[in-house]
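Only the coordinates and a few stated rules stand behind these numbers; no lab work does. Note that this is a predicted model, so its numbers are computed, not measured. Quick reminder, even Gly has a Cβ in these numbers, built from the backbone with ideal geometry, and neighbours come from all protein chains shown.
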Amino acid sequence: MKKGIKVFKIISSLEAVSFIVLLCVAMPLKYIWDMPLMVQVVGMAHGVLFMLYIVFAMYAWRVLQWSVKKLMIAIICSVVPFGPFYVERNFL
């Protein structure tokens, strides 16, 4: 398997975990206990991972010769909790 696809698998997993941590840990800390620092840190990491996920989804589209439909599913899954795990399991 190409090295870029292996990197995409790692980024996909990290992006999914960062999104879940952002939603389930950082956001409650900010809005329930008034502790916004975690959102700043996790939010920045998630933002960077999200952008890398999109870039590598485009890379996978070209290298693996995905259909446009498969690419759109991968991009939509990037904004759904646990979505990147679906892409990693079914498309990579």
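Quick look at the numbers
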read-out	value
Structure-based [θ]222 nm, the chain - -39500 (n - 2.57) summed over DSSP H runs of at least 4, per residue, nearest 500	-24500 deg cm²/dmol
Cut-off 15 Å between beta-carbons: net charge of the residues surrounding LYS9, Lys and Arg +1, Asp and Glu -1	+2
Normalised contact order of the chain, rounded percent, pairs of Cα under 8 Å and 6 or more residues apart	38 percent
Among (i) 72; (ii) 112; (iii) 94, the entry derived from the coordinates for volume of the Cα convex hull per residue in Å³	(i)
Formal net charge of residues neighbouring LEU92 (Cβ-Cβ distance under 12 Å; K, R +1; D, E -1)	+4
Between helix 37-63 and the chain: long-axis angle, C-alpha atoms, 0 to 90°, nearest 10	10 degrees
Net +/- balance of residues flanking ALA74 in space, Cβ distance below 13 Å, scoring K and R +1, D and E -1	+3
0 to 90° range, to nearest 10: angle between helix 68-77 axis and the chain longest Cα axis	20 degrees
